[in-house]
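The values are calculated or read from the model by the stated rules, or taken from the named source; none is laboratory data. None of these values were measured; they are calculated from a predicted model. Here the Cβ is made from the backbone with ideal geometry for all residues, glycine too, and neighbour counts use every protein chain on show.
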Amino acid sequence: MPSLLEESPTEASRYALANDKLRLRFDRRGLESMEDLVLGKTFRFKRDSFSLEIDKEPFDSAGLRPAVVKQEAGAITYTFKTDRYKIQVVYELGAGWRFFSKQILVFGPQEGSFSVDRVEPLQFELQDGVSELYVQNSRYPRLGPLGDRGLEETGTKAYVAYLRMSAKHGLFSLLQNPFFECTREDEVPSLHYSPEMQWQSAWGPFPYDRACIGPYRPTGRRISKDPVPEWKLSKSVLDGQDEAEVDAVIECVRAFLMFHPQKPTKIHFGWYENDYQVDISKPDGRKEYKRIIDAAPAVGCDHLVFAPQNTGISYLNECKDSWQWEYVLWLTLGEKIRKGEWHPDRDLVPDSIQ
């Protein structure tokens, strides 16, 4: 059984989490310092706070006092209570992590529902000065080319924010949510997003998306902030993320993967042969596509994306998706599935697909 400590915090209370890469120290309100055992560097936090908006009512951690602090293996939980809600802030440090996570849970009244409107899980100020705050924003804020009208905004904003302090160290910070924004007021960076959801108390606590923070040592080698457009000859401008920043975020993402492949997955994409021009409604087309299928394993591929045209089943001019791909999706049955003309537990697979 993991060791468990639960107590009312006092001014003198001190808590800690550690693994083979990081050592975190906490005071009665939150994170106090993070020691990176790889860099031999300690990052000290002058401020670690959060704010919420629930049912349009704002809550700021500066005006809340934790009633209970519970420590167990790998995690520390601060519990705050208001007249109507219970708020928990959970810090977690997993085995092998070179970052830690911070997650907020909100418990509503016993019955009914409440709205979760806005959250700033990360509001922090470091003792070391931040020379640059670099935010990598989404490259796809719209569902299509920027010049196209009528396409809805995806709402995606930032992916990750880097606090660059010197040539020797920095911190990445992110929310596990592609709709977050990062702002900075003086020396206080803040990551926030707006769920704008109605939540039933019977479902349990509302879990805001995790925040993650981790250190890195810059390499001095940067990549381009924006990729060179396809079919364009252009010299890349190395104005984006440092290679070490990319690696630190990749390591963080991998820690949450449910599937860990032991070897690469090799996939053949039929559009390399312009397979959308191969019409499998005709015998010659099926014969040609079978050669594509047979050739894929010969070059080491064990998967294939099947996307030919099938004029007996679907038609390009009847596509309703913005990419005009519906006619080749779902074994060329995409349009019929949308129209309700074909269902897997009711209808036979057409001969041209078999």
Inset, instruction - Could you tell me which residue of segment 158-183 is surrounded by the most Cβ atoms within 10 Å (Cβ to Cβ), considering only residues that are at pLDDT below 85 and of a type in the set (A, V, I, L, M)? - result: ALA158
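Of all the residues that make up segment 234-287, how many are more than 30 Å from ASN317 (Cβ to Cβ) and part of a helix (DSSP H, G or I)? Step through it out loud before you land on a result.
To start, the set of residues in segment 234-287 that are more than 30 Å from ASN317 (Cβ to Cβ) comprises 234-266.
Remaining after also requiring part of a helix (DSSP H, G or I): 243-254.
Of the residues in segment 234-287, 12 are more than 30 Å from ASN317 (Cβ to Cβ) and part of a helix (DSSP H, G or I).
Right, LEU175: under 19 Å from the mean Cα position of the chain (by Cα) and either within 29 Å of GLU125 (Cα to Cα) or in contact (Cβ under 8 Å) with a residue 40 or more places away in the chain (or both) or not?
For LEU175, the condition - under 19 Å from the mean Cα position of the chain (by Cα) and either within 29 Å of GLU125 (Cα to Cα) or in contact (Cβ under 8 Å) with a residue 40 or more places away in the chain (or both) - is met.
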Inset, instruction - Can you give me the number of residues within segment 38-86 that are β-branched (Val, Ile, Thr), free of Cβ contacts under 8 Å to residues at least 40 places away in the same chain and in a strand (DSSP E or B)? - result: 3
Inset, instruction - Among residues belonging to segment 168-195 that are touching a Lys or Arg at 6+ places or on another chain (Cβ under 8 Å) and among the charged types (D, E, K, R), point out the one that is farthest from VAL106 (Cα to Cα). - result: LYS168
